[in-house]
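S.K.: Below are the structure tokens for one structure; questions will follow.
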Amino acid sequence: MNRRDSLKALGLIAAGSAAVLSTNSCDSKTGNSTATVDTNDKLPGVQDFEYERTKKLQEEVYFDNHEMATIAVLADIIIPKDDNSPSATEVGVPDFIEFIVKDLPTYKLPMRGGLKWLDIHAQKRFKNVFIKCSDQEMISIVDEIAYPKKAKPEVSQGVSFFNTMRDLTASGYYTTKEGITEMGYVGNRPGVWTGVPEDIWKVHGFASNEG
Amino acid sequence: MSTFQIIEESTVYDAVVVGSGAGGGMAGYILANAGLKVLMLEAGPFFDPAKDALQMRWPWESPRRGASTTRHFGDFDAAFGGWQLEGEPYTHEKGTEFDWFRSRMLGGRTNHWGRISLRMGPDDFKPKDGLTDEWPITYDEVKPFYDRIDRMIGIYGTVEGIHNEPDGIYLKPPKPRLNELYIRKAGQKAGVPVIAGRGSVLTEALPGNKDRGICFYCGQCNRSCKVYGDFSSSSCLVIPAMKTGNLTVIDNAMVREVLTNDEGLATGVSYVNTKDMKEYSVKGKTVILGASACESARLMLNSKSASHPGGIGNSSGLVGKYLHDSTGAGLGGFLPQLLDRKRYNEDGVGSVHIYSPWWQGDKKLDFARGYHIEYWGGMGMPSFGSFHGIQNYNHLVPKADGTSSESGGYGAALKQDYKRFYGASVGMDGRGTAIARKENYCEIDPNKVDKFGIPVLKFNYKWSNEEVLQAKHMMETFQEIMHNMGAIITSAIPGADTKYGLETPGKIIHEGGTTRMGNDPKTSVLNKWGQAHDCKNLYVVDAGPFVQQGDKNLTWTILALSMRTSEYILQEKNKLNS
């Protein structure tokens, strides 16, 4: 089998895999946001117990509406929209967080407790739960807990929570089609690796693509 | 179950093979192609990478975005199984540790392995330091089989002429990635050679083979390959062998015992169907175990009869003994010169592009033998966890405009930092020789059975000073290489209190030695052909027969030895027939 046959076989086999043969990372001709990708389909190669487990988790509800609203606000503070890319909520990060804490339950308590800590802290400072605070008030709370090296010891639990929230937001965001485009990952497509491009190895001071 | 019935199949196969990984797969392939009627039993389900690989899937196609919740190496990885299997426990002697990875599927662990395909060298078969027993065979005796495996399966690499790192017959290796150019330079400065990797991936067409595709550089070998561009036992051995019409595969068949007659010869095996929980027995003139080193030992120890009171083939009492995994330790960080790097596709192949073979020969150090180094880093596919913990490093290097980030953060500046650090990661892992010791073993736990009622394994394994000091040496070497290329180390540098980062035994998934070969039936389980001293028609073809593995990942040697054993079986049959 030559390489062209390989790719042909792959293209036929992987037809269900979105954009697998797309050559342009910005290509989104389906127009679908990844937030709406249906992960309910059982892919070949997924074990029965995995499929059943995922389905069960998707039917469960962990966070209540208030918690979800708080997660959404925090997610967009962590990853806001800019000229080139959408915000965290625009690509469904809160729904991902709802799923992942059920999938990896060690996240449940730190997230639920952390959200509660945040509301109590906001209540103390501004007489309101976090999401009822003004934008300016919310940012002043986030500034207290978003910078581990300079945060005050009395908000250390808030720092831990925000670290977790930042991690889960980044995981949820940069694994979407939009997030991957924003990051600039251009792999996961058939091709031929011929070594470091010439302009790159030259800039880095190597004599050739062999070093 | 109101009545207990064993469903006996009347067919007498020429050979019954237990397990479908590298060892079992090769035995099935050789024997079926030679015209023998072969039955292969696999504890897990059928798996064909062409249909079942999750290759080319994007992270958003996984609800957990590739997290390793149900698969240790990520949601798209091609290992059905892991360190713990539901209803199939194993236990430990107090104060000892061993982690046992099991893949239950056609092809076993060869579906997800790193495809790093190293030959053991002359000194690995006949060590000069006297610390471990010699193999009953030499490198020169195994070399023709390595050569044939290279040609049959395909492997890339470069001819280097290193004494104890024998060269093979190679396809062209992939070029280094950018971080790998830095690593090579840094290694040279530290006196550590960095050469092209040796991986079983088809970077070129395999002469004479029309069924396998060429690598298209997605870097996802661990998901198994839909075009069969890399080696999996499922795609390259078992499925082709089935096409001969001589190999029958029964999946979801967990073997319970090797059955014997009054003379103590093997007559077949009994197994439980894991789906309907019914009991079966099948007959074979020869029984070949390739269930994995520990699973084959377990099966032998559980196969007790009047002629084999201590378990089949265990008159030496050595089945399960001399268990050894590779050592492993690693270090990671990032290269500041790769921050804000230009994007391009550097997925490359899914095996290693470069590695460092052990470079000190048999030089006297404060530990025995040596290790090789595998490297990682670059612009990989984002997945769950790829960007976690940025607060631990985003303040360490000033931005292009000279300002510094605060540790952590949020918003536009954070978004910029995620992009700034993407692809700058670099790191390395050592894989070294752990000494095979009689004192490190698995045995049958007298008090526990699995969900099938099969007695389970109890592990008894402790690292010695040799392995700990080797890990210390790794850490010193890794730091020097990282320093030489100006990398910033972000992982903790482990000290004596954590055995210098030495991984728990079993973690490298290179376990072997449990049914070792040798010339003396009192000090070995198998003869030099992999045939049980006590049972002439019982063979073992996984990593159990290894007397002592080198620092080389063991799959290529399993394949070579299984091919050798299988051809010995054919010769013996021909002798009987002539």
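Each reported figure results from applying straightforward, stated rules to the coordinates on display, with no laboratory input. Only a predicted model underlies this, so the values are computations on that prediction, with no experimental measurement involved. Cβ: placed from backbone, ideal geometry, glycine included. Neighbour counts: every protein chain shown.
S.K.: Toward the positive end of the charge dipole of the protein assembly as shown, about the Cα centre and with charges on Cβ (Lys, Arg +1; Asp, Glu -1), which of B:Trp113, B:His324, B:Ala253 goes farthest?
M.R.: Sorting the options by dipole projection puts first B:Trp113.
S.K.: So for B:Glu180, A:Glu178, fewest C-beta neighbours within 10 Å to most, what's the order?
M.R.: By the 10 Å Cβ count, ascending: A:Glu178, B:Glu180.
S.K.: Next question, about the same structure. Can you sort B:Ser562, A:Ser156, B:Ser316 by how many other beta carbons sit within 10 Å, fewest first?
M.R.: In order of increasing Cβ crowding within 10 Å: A:Ser156, B:Ser316, B:Ser562.
S.K.: List every residue whose amide H lies under 5 Å from the amide H of A:Ile79, counting only residues 5 or more places away in sequence or on a different chain, with H placed 1.01 Å from N in the peptide plane.
M.R.: A:Ala88, B:Gly411
S.K.: Taking amide H atoms as placed 1.01 Å from N in the peptide plane, list the residues 5 or more away in sequence, or in a different chain, whose amide H sits under 5 Å from that of B:Val397.
M.R.: HN-HN under 5 Å from B:Val397: empty list.
S.K.: Tabulate in residue order the Karplus-calculated ³J(HN,Hα) for region B:375-385, using 6.51 cos²θ - 1.76 cosθ + 1.60 with θ = phi - 60°, rounded to whole Hz; enter x for Gly and Pro.
M.R.: Values per residue, Gly and Pro as x: 10, 9, x, x, 8, x, 5, x, 8, 3, x Hz.
S.K.: Per-residue ellipticity at 222 nm for chain B, helices alone: DSSP H runs ≥ 4 residues times -39500 (n - 2.57), over residue total, nearest 500 deg cm²/dmol?
M.R.: Working: 10 runs with 115 residues, N = 578.
Using -39500 (n - 2.57) per qualifying helix, the result is -6000 deg cm²/dmol.
S.K.: When the distances between all Cα atoms of region B:455-578 are binned every 10 Å from zero, what whole-number percent does each bin get?
M.R.: All Cα pairs considered, the percentages come to 11, 29, 26, 17, 11, 4, 1.
S.K.: Quick check: residue separation of B:Lys51 and B:Tyr344 times 0.36 nm, minus the Cα distance between them. What number comes out in nm?
M.R.: Numbers: separation 293, 0.36 × 293 = 105.48 nm, distance 2.90 nm.
Gain on stretching B:Lys51 to B:Tyr344: 102.6 nm.
S.K.: Under the 0.36 nm per residue contour assumption, what length would be gained going from the current alpha-carbon distance of B:Val449 and B:Ala400 to full extension?
M.R.: 11.5 nm
S.K.: How high is the relative contact order of region A:38-185, given as a whole-number percent (alpha carbon pairs under 8 Å, six or more residues apart)? Kindly include the intermediate steps, with their values, before the conclusion.
M.R.: Values: 123 pairs, mean separation 36.6, N = 148.
Computed value for region A:38-185: 25 percent relative contact order.
S.K.: What does the charge count around B:Pro45 come to, taking other residues whose C-beta lies under 11 Å from its C-beta (Lys +1, Arg +1, Asp -1, Glu -1)? Don't skip to the answer; put the middle values down first.
M.R.: Values: positive: B:Arg104, B:Lys275; negative: A:Asp48, B:Glu42, B:Asp48, B:Asp52, B:Asp251.
Its environment carries a net charge of -3.
S.K.: Could you calculate the FRET efficiency of B:Gln84 with A:Lys116 from 1/(1 + (r/R0)^6), where r is the beta carbon distance between them and R0 is 41 Å, rounded to 0.05? Please report the intermediate quantities before stating the final value.
M.R.: Working: r = 33 Å, r/R0 = 0.80.
Once the sixth-power term is evaluated, E becomes 0.80.
S.K.: Rank the residues A:Thr89, B:Thr138 as a footprinting-exposure proxy: fewest other Cβ atoms within 10 Å of their Cβ go first. If you can, show how the numbers build up before the last one.
M.R.: Details: A:Thr89 22, B:Thr138 12.
In order of increasing Cβ crowding within 10 Å: B:Thr138, A:Thr89.
S.K.: In addition: Quick one: if you take sqrt(5λ) for each eigenvalue of the C-alpha gyration tensor of region A:38-185, what semi-axes come out, biggest first, whole angstrom? Write down the numbers at each step before the final one.
M.R.: On the way: eigenvalues 168, 70, 36 Å².
Semi-axes (√(5λ), whole Å): 29, 19, 13.
S.K.: On a full-extension model of 0.36 nm per residue, what is the gain between B:Ala306 and B:Arg151, subtracting their alpha-carbon distance, rounded to one decimal in nm?
M.R.: On the way: separation 155, 0.36 × 155 = 55.80 nm, distance 4.51 nm.
That works out to 51.3 nm of additional length.
S.K.: List every residue whose amide H lies under 5 Å from the amide H of B:Lys37, counting only residues 5 or more places away in sequence or on a different chain, with H placed 1.01 Å from N in the peptide plane.
M.R.: Here B:Asp14, B:Ala15 satisfy the definition.
S.K.: While we're looking at this one, here's another question. What is the calculated FRET efficiency for A:Lys124 to B:Asn465, with r their C-beta to C-beta distance and R₀ = 56 Å, to the nearest 0.05?
M.R.: Working: r = 55 Å, r/R0 = 0.99.
The calculated FRET efficiency here is 0.50.
S.K.: Let me ask you something else. Based on the Cβ-Cβ distance of A:Asp41 and B:Asn574, what FRET efficiency does E = 1/(1 + (r/R0)^6) give at R0 = 35 Å, to the nearest 0.05? Please report the intermediate quantities before stating the final value.
M.R.: Numbers: r = 52 Å, r/R0 = 1.50.
Once the sixth-power term is evaluated, E becomes 0.10.
S.K.: Report, for chain B, the % of DSSP beta bridges that are antiparallel, rounded to 5. Intermediate results must be reported in sequence, preceding the final value.
M.R.: Values: 48 of 72 bridges.
Here the share of antiparallel DSSP bridges comes out near 65 percent.
S.K.: Across all directions of projection, what mean area in square nanometres is found for the Cα convex hull of the protein assembly as shown? Intermediate values should be presented prior to the final figure.
M.R.: Numbers: hull surface 140.5 nm².
Taking a quarter of the hull surface, the average projection is 35.1 nm².
S.K.: I've got another one for you. Run a plain Debye calculation on region B:157-253 (Cα atoms as equal point scatterers, no solvent) and give log10 I(q)/I(0) at q = 0.11, 0.15, 0.22, 0.24 Å⁻¹, rounded to two decimals, same order as the q list.
M.R.: Debye intensities relative to I(0), on a log10 scale: -0.48, -0.78, -1.20, -1.29.
S.K.: Using DSSP, restrict attention to beta bridges with both residues in the protein assembly as shown and report what percent are antiparallel, rounded to the nearest 5.
M.R.: Numbers: 48 of 72 bridges.
Beta bridges within the protein assembly as shown, antiparallel portion: roughly 65 percent.
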